[in-house]
Structure formats: C-alpha cells, structure tokens
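Undergrad: Handing you a structure now.
The values are calculated or read from the model by the stated rules, or taken from the named source; none is laboratory data. Not measured: the values here are computed from a predicted model. Cβ sites come from the backbone with ideal geometry, for glycine too, and all protein chains shown count toward neighbours.
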Amino acid sequence: MGHLVDTDRYPLEAGAAGRAAVLDRARAELAADGCCILPGFVRAELLEKLRAEGELLAPHGYYTVERVNAYNIPLDAELPADHPARIVMERGNAFVARDLIPATALIEVLYSHEQFRRFVADCFGLAELHEYTDPLAGLVLNVVSPGMSHPWHFDTNEFTVSMLTQEPESGGVFEYCPAIRSPQAENLADVRRVLTGSGDDLIRRITLRPGDLQLFQGRFSLHRVSPVAGTRQRHTAIFAYSEQPGVIGAVERTRQLFGRVLPAHLAATGNSVRGDQLLD
C-alpha cells in the first residue's frame with residue numbers, strides 16, 4: 001500500500017508509529033458528527049492516474065434520471081400527506097458497477113487490500129469488515145454530470161467509505177445533516193424541514209478534494225451532492241463494506257442503480273438482514 005497511500009501520514013500497518021493517533025482522531029470526529037475526512041490519503045503523484053482511470057470508466061455507468069424520495073421507497077407508498085417520503089426529487093447520478101472496474105484500477109487495488117480494509121474497520125471501531133459479495137455494488141464509481149445531482153437520501157448501510165477522484169468545476173458540494181435520525185426515531189419533522197428548504201441550520205457542508213478519504217455514517221445522516229455546474233463531471237469511488245459477510249443487494253434496488261441484475265441477486269431474494277426498523 002505504500003506506493004498508493006501516504007503511509008507517512010496514514011500508517012496502515014498494525015502497530016506502526018502514529019497509527020493510534022490517526023485512529024483516535026477518526027473515531028472522535030465520527031462520534032462528534034458522523035463524518036471524518038482524511039485529506040491527501042492517496043499520494044499526490046497518483047492523483048492524475050486516479051482521475052484518468054475514472055474518466056475511462058465513467059462512460060460505462062448506468063445513466064438514467066429517476067423520480068425518488070429520500071428513503072428510496074416506492075413513491076406510491078401509503079403514508080400520511082405530510083410525510084417527507086412524499087417529497088419527490090430527481091436523481092441524475094450514474095453508477096459504474098464493480099464488474100466493469102479492472103483489477104488493476106487504483107480504486108480496486110485499494111478496495112480489495114486487506115490492510116486498507118483493516119484500517120477502515122479500526123477507524124470505525126469495528127472488529128472486522130467484509131467486502132460485499134454483491135458482484136455489482138461492492139465497489140462503484142459514482143458519476144454526477146453537469147446539471148445533475150445526487151439528491152437528499154439515507155444510506156442502507158450504517159457506514160460509507162468514499163473518495164473523490166475528480167472534482168467538478170463548481171457545485172457538487174457534499175452536504176449532510178449529522179444524526180438527523182436514530183435507530184429508534186425517524187425524526188420526520190426535521191427531515192421535512194431540510195427537504196423543503198427550511199432546515200439550513202441542520203446542514204453541514206464539506207469541500208472534498210481528489211484523493212481525500214471520507215468515512216461517513218450515512219444511515220442516520222441525511223445527505224446529498226448538490227447540483228454540479230460547469231463542464232466536468234464529479235467522480236467518486238464508493239467502497240462498500242459490511243460487518244457481516246455475504247451481503248448482496250435487493251433485486252429492485254440493484255436494477256434501479258445499475259439497470260440490470262445477476263443470478264446472485266435473484267438467488268439472494270428474501271434473505272436480507274437489517275439491523276433496525278427504519279423506513280428504508
């Protein structure tokens with residue numbers, strides 16, 4: 001990993017000098033507001049290679065504009081008239097699936113390396129993490145084209161690991177509302193405030209740079225990527241891990257994101273395990 005990661009700044013090897021201090025900082029920031037940024041995680045001399053690889057992958061994404069709500073549940077779900085899930089937005093981002101990402105790509109090398117996975121687990125204070133078994137969703141490149149956005153939503157997974165690989169000319173800001181809900185409470189009133197434009201006091205904004213590693217607890221924090229402007233796409237690698245092995249996405253959600261499903265998704269239907277009873 002030393003050729004790819006700035007290991008002087010972010011020691012990955014267990015017991016390495018300075019590693020404990022990095023982990024302490026990451027855990028403290030995650031505990032404070034559910035988000036931690038490790039700037040300059042990838043070595044500066046590899047940022048152009050990181051960007052160029054994403055540029056080659058981006059045309060292979062599944063591009064579609066969909067009408068969605070923040071919970072990614074059916075728009076015709078039977079809910080009260082003032083429920084925030086009745087607020088419809090347009091999702092215009094695309095995803096390049098893992099089976100289209102070559103084994104030599106920097107993001108694939110990073111995602112599949114045991115030392116990186118162990119470091120991420122330690123940052124979150126978890127005993128272990130596993131790659132997704134899902135052949136499409138384990139590692140993806142998220143593409144937001146000019147004029148498009150990734151609207152307000154919650155993640156299915158309790159935590160997310162991502163890295164900007166290409167920044168847009170303008171816009172495309174990561175915005176989030178830390179811990180706006182909990183495993184015990186949806187807190188619908190505050191969610192509705194944000195979705196209707198009256199909850200700016202709940203929103204935090206982060207300027208990300210290519211090569212920054214972002215650790216985020218997106219299950220409980222409403223978040224979005226604001227509309228991208230200019231002529232350049234916004235590219236982000238998303239590294240999907242789980243505390244349990246064998247995770248495979250649901251058929252409906254997989255088809256929505258990638259435009260296709262594989263036999264593995266059909267075989268796993270009805271076997272998903274959830275850690276809470278939240279709406280999505």
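Undergrad: Limited to segment 116-135, what total is found for residues that are more than 26 Å from Arg19 (Cβ to Cβ) and modelled with pLDDT of 95 or more?
TA: Count: 0.
Undergrad: Follow-up question, since we're still on this one. Could you grab me the full set of residues in segment 153-208 that are β-branched (Val, Ile, Thr) and closer than 28 Å to Pro74 by Cβ? Steps first, please.
TA: Step one: list which residues in segment 153-208 are β-branched (Val, Ile, Thr), which gives 156, 160-161, 165, 173, 180, 191, 194, 196, 203, 206-207.
Matches in segment 153-208: Thr156, Thr160, Ile180, Val191, Val194, Thr196, Ile203.
Undergrad: Next question. Six or more apart or on different chains, Cβ under 8 Å: which pairs go from a residue in segment 162-188 that's under 16 Å from Ile206 (Cα atoms) and hydroxyl-bearing (Ser, Thr, Tyr) to one that's modelled with pLDDT under 95 and surrounded by 17 or more Cβ atoms within 10 Å (Cβ to Cβ)? Could you list them?
TA: Taking only residues 6 or more apart or on different chains, the pairs are Tyr176/Gly34; Tyr176/Gly218.
Undergrad: Anything in segment 54-78 that is surrounded by 16 or more Cβ atoms within 10 Å (Cβ to Cβ), of a type in the set (A, V, I, L, M, F, W, C) and touching a helix residue (DSSP H, G or I) at 6+ places or on another chain (Cβ under 9 Å)? List them, or say none.
TA: Leu57, Val68, Ala70, listed by residue number.
Undergrad: On the basis of being within 27 Å of Leu279 (Cβ to Cβ), without any contact (Cβ under 8 Å) to a residue 40 or more places away in the chain and either part of a helix (DSSP H, G or I) or of a type in the set (Gly, Ala, Ser) (or both), does Ala81 make the cut? Full working, then the answer.
TA: Details: within 27 Å of Leu279 (Cβ to Cβ): yes; without any contact (Cβ under 8 Å) to a residue 40 or more places away in the chain: yes; either part of a helix (DSSP H, G or I) or of a type in the set (Gly, Ala, Ser) (or both): yes.
Criteria met by Ala81.
Undergrad: Please find, among Tyr111, Tyr176, the residue that is touching a Cys at 6+ places or on another chain (Cβ under 7 Å), among the hydroxyl-bearing types (Ser, Thr, Tyr) and either in a strand (DSSP E or B) or buried (at least 21 other Cβ atoms within 10 Å of the Cβ) (or both).
TA: On the way: Tyr111 fails: touching a Cys at 6+ places or on another chain (Cβ under 7 Å).
That would be Tyr176, the only listed residue that is touching a Cys at 6+ places or on another chain (Cβ under 7 Å), among the hydroxyl-bearing types (Ser, Thr, Tyr) and either in a strand (DSSP E or B) or buried (at least 21 other Cβ atoms within 10 Å of the Cβ) (or both).
Undergrad: So, of the residues in segment 43-66 that are of a type in the set (Gly, Ala, Ser) and under 18 Å from the mean Cα position of the chain (by Cα), which turns out to be farthest from Asp8 (Cα to Cα)? Outline the logic, then answer.
TA: First, the residues of segment 43-66 that are of a type in the set (Gly, Ala, Ser): 44, 52, 54, 58, 61.
If we keep only those that are under 18 Å from the mean Cα position of the chain (by Cα) too, we end up with 54, 58, 61.
Details: Gly54: 26, Ala58: 31, Gly61: 35 Å.
Out of the qualifying residues, it is Gly61.
Undergrad: Looking at segment 256-265, can you tell me whether even one residue there is crowded, with 16+ Cβ neighbours inside 10 Å and part of a loop (DSSP other than H, G, I, E, B)? Please lay out each step first, then the result.
TA: The first filter runs over segment 256-265 and keeps only residues crowded, with 16+ Cβ neighbours inside 10 Å, leaving 256-258, 261-262, 265.
Imposing the further condition that a residue be part of a loop (DSSP other than H, G, I, E, B) reduces the set to 261-262.
Among the residues of segment 256-265, at least one is crowded, with 16+ Cβ neighbours inside 10 Å and part of a loop (DSSP other than H, G, I, E, B), which makes the answer yes.
Undergrad: Given the conditions (1) surrounded by fewer than 20 Cβ atoms within 10 Å (Cβ to Cβ); (2) over 30 Å from Gly197 (Cβ atoms), report the number of the one that Gly147 does not fulfil.
TA: (2)
Undergrad: In this structure, is Arg86 modelled with pLDDT of 95 or more and surrounded by fewer than 22 Cβ atoms within 10 Å (Cβ to Cβ)? Break it down into steps so the answer makes sense when it comes.
TA: Values: modelled with pLDDT of 95 or more: yes; surrounded by fewer than 22 Cβ atoms within 10 Å (Cβ to Cβ): yes.
For Arg86, the condition - modelled with pLDDT of 95 or more and surrounded by fewer than 22 Cβ atoms within 10 Å (Cβ to Cβ) - is met.
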